[in-house]
Amino acid sequence: MFPTVSHFISYLFGVDIPLPFNTFGVFVALAFVAGYWAFTKELKRKEALGLIHPTKRIITVGEPASISDILLNAFFGFLIGYKIVYAIINYKLFVNDQQGVLLSAKGNIIGGIILAIVFAYWDYSEKQKTKLPKPKKVEVTVHPHEVMSSMVVWAAVWGFLGAKIFDNLEHWDTFIKDPIGGLFSFTGLTFYGGLICGGAAVLYIARKNGIKPLHMLDVGGPGMMLAYSVGRIGCHLSGDGDWGIPNLNPKPFSWLPDWAWAYTYPNNVAREGNHIAGCIGNYCNELAQPVYPTPIYEVILAFILFIILWKIRERIKLPGMMFGIYLMLNGVERFFIELIRVNSKYTVAGISFTQAELISSLLFIGGLLLVIYSIKNKEKNANY
């Protein structure tokens, strides 16, 4: 396993280069990039078809930098300098514990002051370049794909919060023991929490920019499936604990690699299992029994489902139907993978189930209802 990018480089080239990048975090970033690409392509396509439209916005140009803008930039500059300079000075500590360094109150005052001045002056000088004797208002056209940057930021922030909330609800006993650690840890993220909260944030931004909800949902289906596939690569390579139940069964095919059938996740970032003899460092554990490598299965399944959604998207004309199909496919995939995945279980009226099984079932039902709604309201939504 490769808990950090440094482990991956060492494995490939035999060179030890200490870098402060977690493998899981890198693939989360790549998942956003993949989703950004798919979202942008779909927004442009739907605009070309006349299904969504650009909006007009009045902005003021030629204004000098305001005191509030300068102070705000100085504040962010101070935070960045305060942490970055401290991280550079304590680089070895930062490499081994990024979370501890970033979330602690420790920092470098001088670095913070220098960056605060730089950011404040940068804002002032940039505004001076476009300053007019008399500021004026102009109308600009904003195309739907041009708001993707705002959507990504909102989706990232609210998606992370949602993923943390749902994960802590799923592991309530652990959360009660350490609520601060549970809230601020960079590990332990529940996909559906991120999907629900991040998706709600994207819909809010879309509606503010004149994009109707059903069209935005349709845009998101393929992109979210692709992003999920990419993100699961990070889950597998880092060994974040999102694996399956023990698998001691013999391989069904001789050509199948051992790691694709049953794997012990050595050096996993979750630090679960037994200590590896002779290993030195933070990630020296491997599972006592091999388990189903469910993240790999989801990488493959989600990518296949993305291809299907991408191929059929131009044939589907009814608003809401594409997203309904996405919900159904997502629900089915996740429901069945839960049968061989490690998860906390709930019991209600004698029925045992996991959080993901419950949500995936609701998503399938919701997707089915959305497809039915799209068909029944075909004429009503013809000009939606």
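Computed from the Kirkwood radius of its Cα pairs, the Stokes-Einstein diffusion coefficient for segment 242-352 at 4 °C and 1.567 mPa s stands at 77 µm²/s.
Charges were assigned to the Cβ only: +1 to each Lys and Arg, -1 to each Asp and Glu. The resulting dipole of the chain about its Cα centre is roughly 1640 debye. Residue ranges 42-51, 55-64 sort as 42-51, 55-64 when ordered by packing (mean number of other C-beta atoms within 10 Å per residue, highest first). So for the pair Ala277, Phe253, with labels modelled 7 Å out along Cα→Cβ, what separation do we get in nm? In this crude spin-label approximation the distance works out to 3.5 nm.
A Förster radius of 56 Å combined with the Cβ-Cβ distance from Leu339 to Lys208 puts the calculated FRET efficiency at roughly 0.85. Measuring nothing but alpha carbons in segment 1-133 and taking Rh as the Kirkwood radius, the Rg to Rh ratio lands at 1.13.
Counting other C-beta atoms within 10 Å, and keeping those with at most 12, which DSSP coil GluC sites (Glu not before Pro) do you find in segment 286-331?
Passing sites in segment 286-331 are Glu314.
For the chain, Cys197, Cys235 stand unpaired, since no other cysteine beta carbon lies under 4.7 Å from theirs.
For the pair Leu362 and Ile84, what calculated FRET efficiency results from E = 1/(1 + (r/R0)^6), where r is the Cβ-Cβ distance and R0 = 35 Å, to the nearest 0.05? For Ile84 and Leu362, the calculated efficiency is 0.25. Measuring with a 1.4 angstrom probe and ignoring ligands and nucleic acids, Asp97 comes out at about 70 Å² accessible.
Subtract the Cα-Cα distance of Thr141 and Ile300 from 0.36 nm times their separation in residues, and report this length gain in nm to one decimal.
On the way: separation 159, 0.36 × 159 = 57.24 nm, distance 4.01 nm.
Extending this stretch completely gives an extra 53.2 nm.
The HN-Hα couplings worked out from phi for segment 29-42 by the Karplus form 6.51 cos²θ - 1.76 cosθ + 1.60 (θ = phi - 60°) are 4, 5, 5, 5, 4, 4, x, 4, 4, 5, 4, 4, 4, 5 Hz, whole numbers, x standing for Gly and Pro. Where a Cα-Cα gap under 29 Å defines reach, which lysines qualify for Lys164, not counting those fewer than 8 residues away within the same chain? Within reach: Lys83, Lys92, Lys106, Lys177, Lys208, Lys212, Lys345.
Scalar couplings 3J(HN,Hα) for segment 262-277, obtained by applying the Karplus form with A = 6.51, B = -1.76, C = 1.60 to θ = phi - 60°, are 8, 9, 9, 6, x, 6, 5, 6, 6, 6, 9, x, 8, 5, 7, 4 Hz; x denotes Gly and Pro.
Annotation: amide H-H contacts under 5 Å for Asn285 (H modelled 1.01 Å from N, sequence separation of 5 or more, or interchain): Asn267, Asn268, Ile276.
Checking the a/c ratio against 1.5 first, then a/b against b/c, what shape does the Cα gyration tensor give for the chain? Here the chain falls in the oblate category. Net charge of the neighbourhood of Val332, taken over other residues with C-beta under 14 Å away and scored Lys/Arg +1, Asp/Glu -1, is -3. Remark: segment 77-130 carries 64 Å² of accessible area per residue (probe radius 1.4 Å; ligands, DNA and RNA excluded).
Each label point was placed 7 Å from the Cα along the Cα-to-Cβ direction; for Lys317 and Lys44 their separation is 2.5 nm. With the simple spin-label model, which puts each label point 7 Å out from Cα in the Cβ direction, the Leu12 to Gln99 separation comes to 2.6 nm.
The values are calculated or read from the model by the stated rules, or taken from the named source; none is laboratory data. The model shown is predicted, which means the values in this text are computed figures rather than measured ones. Because the Cβ atoms are built from the backbone with ideal geometry, glycine has one as well, and the counts that use them run over all protein chains shown. The accessibility values were calculated without ligands, DNA or RNA, using every heavy atom of the protein model including side chains. Shrake-Rupley method; radii C 1.70, N 1.55, O 1.52, S 1.80 Å.
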